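One structure is given here, and the rest of the page talks about it.
Values in this text are rule-based calculations from the coordinates and carry no lab data. Quick caveat, the model's predicted, so the values are computed rather than measured. Counting neighbours? That spans all protein chains shown, and the Cβs are built from the backbone with ideal geometry, glycine included.
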Amino acid sequence: MSILAPDIAIMEKILRSAVVYLFLLVSFRLAGKRPLGQLTAFDLVVLLIISNVLQNAAIGDDTSLGGGLLGAFVIIGLNWLFAKLTYRHKRLQRLVENVPTVLVRHGEVLHANLDREHMSMAELRAALRKEGVASMSEVRWAILEEDGRVSVVHRGAQPA
């Protein structure tokens, strides 16, 4: 047995890695936009458990160096492919990536959008304070961006 030779069939290794990658892509898309800096202890525990469970699913009975490198290559290759495809095809980009969500419009909180994004008023207020906003009346737009940050356009700001 060679250190580089996978212990399972190469096509099985490729399939396992691809399925795990696609599962994670869909799962994190459905999970929402919470940025890494805002992960709770619960979120971190879930991520650690998922990584351990899916590692086993990706490698199967194979612990060879070659099998690990092949799995990593498949995941990196799929990530590169999805980046290319989403850049060229906007419909796929909208399907795979998050889109911005308006949370405040002209000083009015859009509670339905907050609910959809699982964001509390306390979280919104904290995000607005980070942007120097003391009152909702100061906000023309507050938008939850694709990366989980809240960007704010102040009422006094000139439109671009």
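Quick notes on this structure:
- The number of Lys pairs in the stretch 1-139 with C-alpha atoms less than 28 Å apart, excluding pairs fewer than 8 positions apart on the same chain, is 4.
- For the chain, averaging the sequence separation of C-alpha pairs within contact (under 8 Å, six or more residues apart) and dividing by the residue count gives a relative contact order of 25 percent.
- P(r) tail, the stretch 33-102: Cα-Cα pairs separated by more than 16 Å, 68% of all pairs.
- Estimated dipole of the stretch 4-160 in Debye, rounded to 20 [Cβ of Lys and Arg +1, of Asp and Glu -1, Cα centre]: 660 debye
- Between helix 41-59 and the chain: long-axis angle, C-alpha atoms, 0 to 90°, nearest 10: 30 degrees
- Estimated purely from DSSP H runs of n ≥ 4, each contributing -39500 (n - 2.57), the mean residue ellipticity at 222 nm for the chain is -18000 deg cm²/dmol once divided by its residues.
- Under-5 Å amide H pairs with Leu103, H placed in peptide plane, nonlocal only: Ala142, Ile143, Leu144
- Given (i) 17.1, 63; (ii) 20.9, 70; (iii) 14.4, 42, the label whose value is Rg and Dmax of the Cα atoms in Å derived from this model: (ii)
- Under 12 Å, Cβ to Cβ, from Gly67 - net charge with Lys/Arg +1 and Asp/Glu -1: -2
- Site pair Val45 and Lys130 shows an inter-label distance of 2.4 nm when each label is modelled 7 Å from Cα along Cα→Cβ.
- Note on the chain: GNM, Cα springs under 10 Å; of Ala41, Ala142, Ala18, the largest mean-square fluctuation is that of Ala41.
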